[in-house]
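Peer 1: First the structure, then my questions, so here it is.
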Amino acid sequence: MLEQDDVQSVARLNEAFTSITNELRKAIVGQEKVIEQILIAMFARGHCLLVGVPGLAKTLMIRSLAETLSLKFSRIQFTPDLMPSDITGTEVIQEDKHSGSREFRFLPGPVFANIILADEINRTPPKTQAALLEAMAEHQVTVGGVRHKLDEPFFVLATQNPIEQEGTYPLPEAQLDRFMFNVLVDYPEENEEFEIVRRTTADVEVTLTTSLTGEEILNLQKLVRRVPVADHVTRYAMQFSRLTRKEKGDVPDFVRDYVTWGAGPRASQFLVLGAKARAVLHGRYHATCEDVREVARPVMRHRIMTNFNAEAENVKPDDIVNKLIDLIPEGTGTAHGGKLTSALGS
């Protein structure tokens with residue numbers, strides 16, 4: 001159960017969510033779902049991978065978010081020649097002018113910020129990718145055998161371009177699993193594109209108002225962890241992961257036909273955390289199965305490895321998640337009372 005102070009914090013977070021969304025609308029047209037998913041991940045202490053073609057305002061969205069949250073923003077443009085020290089920082093020899101003595105001094109890299117935009121993360125070699133992923137997992141970097149803590153809150157938004165894959169370094173599945181959400185940034189609707197063109201071709205300067213401080217964000221992240229979740233909601237979330245593992249137990253026919261490798265326990269954890277964060281963002285005091293369904297696609301789409309059959313028939317991970325949403329009933333924790341049928345798998 002939430003304490004009285006927590007109830008007030010839920011109201012504060014719901015108010016901040018509305019305020020942040022309204023502020024971002026001054027700079028960003030549309031993309032409400034994308035903004036909501038980014039905020040859910042941030043308050044759940046997760047990281048996001050944004051996938052979309054160039055020109056969809058991914059960088060502007062992230063920079064504007066940092067401005068509305070009064071956080072330090074850093075953009076890292078990933079290139080094939082980028083080295084780990086270009087991200088984490090390096091040690092240099094510094095001479096004391098008075099004593100003449102020399103000592104090593106650590107110069108922090110761009111990862112020492114609150115919101116990190118890792119632009120086109122798949123265009124840099126695995127060694128440099130791993131340096132960022134260590135920072136994501138541990139909230140620290142190790143240079144010269146010395147650990148340096150990163151600033152809190154710490155939130156990474158990495159982008160990938162789904163086209164022009166030649167010469168890139170795709171993230172391995174184990175590293176993709178570090179990202180809480182895989183967010184698809186799609187083309188705008190016609191009316192939205194008209195408004196984008198109208199705004200960006202005029203001499204208009206947008207000023208954003210700060211909605212939350214870093215300390216408030218840290219407190220609200222702790223609040224999300226305290227949000228209660230009923231056992232049947234947790235079991236409901238678990239089924240999305242468990243029913244993609246064809247090596248374990250009874251799974252639907254469409255999983256056997258199209259999936260090579262399913263989601264691990266981290267998917268179940270992020271489904272529950274995402275449901276908690278979404279609930280409090282919308283001013284509710286407990287997570288529901290509806291919240292789980294709303295975060296299922298961004299949580300699962302990069303954790304389901306499809307096979308050649310799926311590629312041949314143009315079956316995407318989202319299609320599999322959609323079928324699981326139709327298949328798994330609320331409140332039971334098992335599909336069709338524990339007996340899977342192939343009716344939806346044909």
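Peer 1: Can you tell which of Asp231, Asp186 is outside the structural domain of Ile38 (by TED's automatic domain parsing) and either acidic (Asp, Glu) or over 25 Å from Val34 (Cβ atoms) (or both)?
Peer 2: Selected residue: Asp231, the only one of Asp231, Asp186 that is outside the structural domain of Ile38 (by TED's automatic domain parsing) and either acidic (Asp, Glu) or over 25 Å from Val34 (Cβ atoms) (or both).
Peer 1: So which residues in the range 137-176 are surrounded by 13 or more Cβ atoms within 10 Å (Cβ to Cβ) and farther than 24 Å from Gln37 by Cα, if there are any at all?
Peer 2: Correct list: Gln140, Val141, Thr142, Val143, His148, Thr168, Tyr169.
Peer 1: Would you check if Tyr187 is closer than 30 Å to Pro317 by Cβ, modelled with pLDDT of 85 or more, of a type outside the set (D, E, K, R) and loosely packed, with under 15 Cβ neighbours inside 10 Å?
Peer 2: Yes, satisfied.
Peer 1: If we scan the range 107-124, do we find a residue that is surrounded by fewer than 16 Cβ atoms within 10 Å (Cβ to Cβ) and farther than 12 Å from Thr88 by Cβ?
Peer 2: No: zero hits.
Peer 1: Looking only at residues that are small (Gly, Ala, Ser) and in contact with a Pro (Cβ under 8 Å, 6 or more places away or on another chain) in the range 101-158, which one is nearest to Lys72 (Cα to Cα)?
Peer 2: Result: Ala131.
Peer 1: Also, quick follow-up: Out of the range 177-210, which residues are of a type outside the set (Val, Ile, Thr) and closer than 21 Å to Pro153 by Cα?
Peer 2: Across the range 177-210, the qualifying residues are Asp177, Arg178, Phe179, Met180, Phe181, Asn182, Leu208.
Peer 1: Of all the helices (runs of 4 or more DSSP H) wholly in the range 1-90, which have at least 2 residues that are of a type in the set (Val, Ile, Thr) and over 28 Å from Phe106 (Cα atoms)?
Peer 2: The helices (runs of 4 or more DSSP H) meeting that bar are 4-27, 32-43, 58-68.
Peer 1: Then there's this: Here are some residues: Ile93, Ile76. Which one is among the aliphatic types (A, V, I, L, M) and within 20 Å of the chain's Cα centre (by Cα)?
Peer 2: Unique residue meeting the criteria: Ile76.
Peer 1: Does Thr213 count as loosely packed, with under 13 Cβ neighbours inside 10 Å, closer than 28 Å to Glu152 by Cβ and touching an Asp or Glu at 6+ places or on another chain (Cβ under 9 Å)?
Peer 2: Judged against the criteria, Thr213 is not a match.
Peer 1: Does Leu208 satisfy the criteria of being of a type outside the set (Gly, Ala, Ser), in a loop (DSSP other than H, G, I, E, B) and under 25 Å from Cys48 (Cβ atoms)?
Peer 2: Here the answer is yes, as Leu208 does meet what is asked.
Peer 1: Now for a different question. Any residue in the range 276-295 that's touching a residue at least 12 places away in the same chain (Cβ under 8 Å) and closer than 16 Å to Phe43 by Cα: show its pairings with residues that are outside any helix (DSSP H, G or I) and not aliphatic (A, V, I, L, M) at Cβ separation under 8 Å, as long as the two are six or more apart or on different chains.
Peer 2: That search, which allows pairs on different chains as well, returns Ala279/Tyr285; Ala279/His286; Ala279/Thr288; Tyr285/Pro228; His286/Pro228; Ala287/Pro228; Val295/Phe181.
Peer 1: Something else about it: Determine whether Leu212 is of a type outside the set (Lys, Arg), over 18 Å from the mean Cα position of the chain (by Cα) and modelled with pLDDT under 90.
Peer 2: Spelling it out, Leu212 is indeed of a type outside the set (Lys, Arg), over 18 Å from the mean Cα position of the chain (by Cα) and modelled with pLDDT under 90.
Peer 1: May I ask you to verify whether Arg45 is under 22 Å from Phe181 (Cβ atoms) and surrounded by fewer than 21 Cβ atoms within 10 Å (Cβ to Cβ)?
Peer 2: Answer is yes for this residue.
Peer 1: Search the range 137-149 for residues that are within 14 Å of Ile87 (Cβ to Cβ) and pair each with any residue that is of a type in the set (Phe, Trp, Tyr) and in a strand (DSSP E or B) when their beta-carbon atoms are under 7 Å apart and the residues are at least 6 apart or on different chains.
Peer 2: Val143/Phe106; His148/Phe106
Peer 1: Please give the strands (runs of 3 or more DSSP E) falling wholly within the range 94-166 in which 3 or more residues are outside the structural domain of Met61 (by TED's automatic domain parsing) and at negative phi.
Peer 2: By residue number, no strands (runs of 3 or more DSSP E) qualify.
Peer 1: Moving to a separate point now. Residue under question is Ala11, and the condition is that it be in contact with a Gly (Cβ under 8 Å, 6 or more places away or on another chain), modelled with pLDDT of 90 or more and of a type in the set (Gly, Ala, Ser); does it hold?
Peer 2: Judged against the criteria, Ala11 is not a match.
Peer 1: How about the range 58-75: which of its residues are touching a residue at least 40 places away in the same chain (Cβ under 8 Å) and aliphatic (A, V, I, L, M)?
Peer 2: Across the range 58-75, the qualifying residues are Ile62, Leu65, Ala66, Leu69, Leu71.
The values are calculated or read from the model by the stated rules, or taken from the named source; none is laboratory data. Computed from a predicted structure; not experimentally measured. Every residue, glycine among them, receives a Cβ derived from its backbone with ideal geometry; neighbour counts consider all protein chains shown.
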